[in-house]
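See below for the structure under consideration.
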Amino acid sequence: MKTLGDPNCPHCAGAGYVRFDVPFGHEKFGKLESCVCRARDVAVSARNRLFALSNLERLGNLSFENFNATGNEKAKFMTPQERENLHQAFEVCEEFSRSHNGWLLLEGGYGCGKTHLAAAIANNAVSKGVPTLFITVPDLLDSLRFAFNDPETTFEQRFDEIRTADLLILDDFGTQNATPWSQEKIFQVLNYRYINKLATVITTNLMLDAIEGRVRSRLQDSELVKHLKISAPDYRRPEQTSNPGISMLSLPEMKTMTFQNFQTREEEAGRESLTTTITERQDKFGGKYKDKALTRVKITSEDIKTLHAAFSAAIRFSEEPDGWLVFLGQSFCGKTHLAAATGNYQIALGGQAMLVDVSALFDYLRQTFHSNSDVSFERRFHEIRAAPLLILDDLKESAASSAWAEDKLYSLLNYRYNAHLPTVLTSALSADSFALSYPSLWNKLSDSSRCQILSINMPSYRRTQKSNKAGQYKV
């Protein structure tokens, strides 16, 4: 008869199990344990059980060799910084797969490549015989629930297999139902692995702030956890912009706006220009309306100096972004060009910048409320407000926005001000109108040690080009 263990084993004589001779009350009293002669078979069986629990059969083709570390070549709006970020994530994950040292937290939007990298780590480990469990959190919780009625195992055995796996990879963390039972079980698994420093990989599209406090505290241990934020756009939807893909700096027109091609307009001194003056009036019923009038103004050397001052300030700011820079002036006077040139200059240096039209910003945020949105409002709002350099273009008077939009705008700007994040604002409002529309913000901007306000007193720029007829130009 075939025995479970080695028939020549001096410990079990082939039984495969041993009972320790310990006094009553000892934790091993009365318990059977696998004999050392079965260690290899037990290890193989454990690996097989973990693999059966994993989702690696359908992800077996995902490896480091077929991961495109430069991103989808068809990606329409992928920046050099996003490509560098993705390549860095690839290198860190490849290094982790060699050492299995500590924890790895991969954070990013849908389709950014984090699951591919996590599966590549798992497949590499399985090929080396490392007991590995790759599983989504909802599937992990289901496997624990099913163990209550599984004739081949117990809940305790299943739970112990999961929390003690040599390598545990939790994919799509945060999608589970946040019941007290599920939260407690996930915490127990992670806390055990945290205490024993067992190799663990977690992928999530949540920000740390959205993760349950006890787990978040452990994920913020920089001595154990390597935290990677992958900013690459969705591989599966390369024609769409990344989050936050609202930045206009990727648009062809904005890319051309540089300091080199900015026109300082000295030749317009003494020239008359037709401009539109808008005056707010009140009718006899107390209602407000805007009265528009066309006026002719003569451009003076003092007007041009205001443009030069804004130009010089933008160059200084772009070389070392610090504090806030505000450009005021009527439409097409050059303020958006200077703002875009500032962002483009930073990107050319390898930095990051985002230029956002204020009106489009709130439409972009509202999209997260749709049922088919794949990103939360909190993540999108955080990505914008925490941008290394944020440029908000065309800030309008407060009455033009809803109370919700005004509240979010103030929250965004107040955060950046208190966090000392460099910010550029442009607005067609005069200084007085700006102060009336945004009194709290204006009080902050009035601090000259933190902010520089430039009023460009120039009429709208009119680009001219040669017509087909010699000597003639058209506006």
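Numerical summary
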| quantity | calculated |
| --- | --- |
| S376 of a type outside the set (K, R), in contact (Cβ under 8 Å) with a residue 40 or more places away in the chain and closer than 24 Å to M207 by Cα | yes |
| Candidate set from the stretch 335-348 (those that are surrounded by 24 or more Cβ atoms within 10 Å (Cβ to Cβ) and touching a Leu at 6+ places or on another chain (Cβ under 8 Å)); member that is farthest from A310 (Cα to Cα) | G343 |
| Filtered residues of the stretch 322-366 (kept if farther than 12 Å from S247 by Cβ, outside any helix (DSSP H, G or I) and not aliphatic (A, V, I, L, M)) | D322, G323, W324, F327, G329, Q330, S331, F332, C333, G334, G350, G351 |
| Looking only at the stretch 361-390, and only at residues there that are among the small types (G, A, S) and surrounded by 14 or more Cβ atoms within 10 Å (Cβ to Cβ), the one that is farthest from G343 (Cα to Cα) | S376 |
| Answer residue from the stretch 164-210, given it is among the hydrophobic types (A, V, I, L, M, F, W, C) and over 15 Å from V137 (Cβ atoms) and is surrounded by the fewest Cβ atoms within 10 Å (Cβ to Cβ) among those | I195 |
| Meets criteria (buried (at least 19 other Cβ atoms within 10 Å of the Cβ), part of a helix (DSSP H, G or I) and in the same structural domain as R98 (by TED's automatic domain parsing)) for A125 | yes |
| Of all residues in the stretch 296-321 being within 23 Å of Y417 (Cβ to Cβ) and outside any helix (DSSP H, G or I), the one that is modelled with the highest pLDDT | P321 |
| Which numbered condition H382 misses (of (1) at pLDDT 85 or above; (2) part of a helix (DSSP H, G or I); (3) not polar (S, T, N, Q)) | (1) |
| Qualifying residue in the stretch 311-321 (condition: among the polar types (S, T, N, Q) and surrounded by fewer than 18 Cβ atoms within 10 Å (Cβ to Cβ)) | yes |
| Qualifying residue in the stretch 42-50 (condition: in the same structural domain as F159 (by TED's automatic domain parsing) and modelled with pLDDT of 75 or more) | no |
| Filter pass, L170 being within 20 Å of the chain's Cα centre (by Cα), part of a loop (DSSP other than H, G, I, E, B) and not assigned by TED's automatic domain parsing to the domain that holds V375 | no |
| Residues of the stretch 101-122 satisfying the condition of being assigned to a strand (DSSP E or B) and touching a helix residue (DSSP H, G or I) at 6+ places or on another chain (Cβ under 6 Å) | L104, L105, L106, G108 |
| N68 vs. criteria touching a Pro at 6+ places or on another chain (Cβ under 6 Å) and closer than 30 Å to A348 by Cβ | no |
| Residue check, R193 closer than 24 Å to E94 by Cβ and in a helix (DSSP H, G or I) | yes |
| When residues of the stretch 128-142 are limited to those that are surrounded by fewer than 18 Cβ atoms within 10 Å (Cβ to Cβ) and of a type outside the set (D, E, K, R), the one nearest to S97 (Cα to Cα) | V130 |
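The values are calculated or read from the model by the stated rules, or taken from the named source; none is laboratory data. In this text, all values refer to a predicted model and were calculated from it rather than measured experimentally. Heads up, the Cβs are rebuilt from the backbone with ideal geometry, glycines too, and the neighbour counts pull from every protein chain shown.
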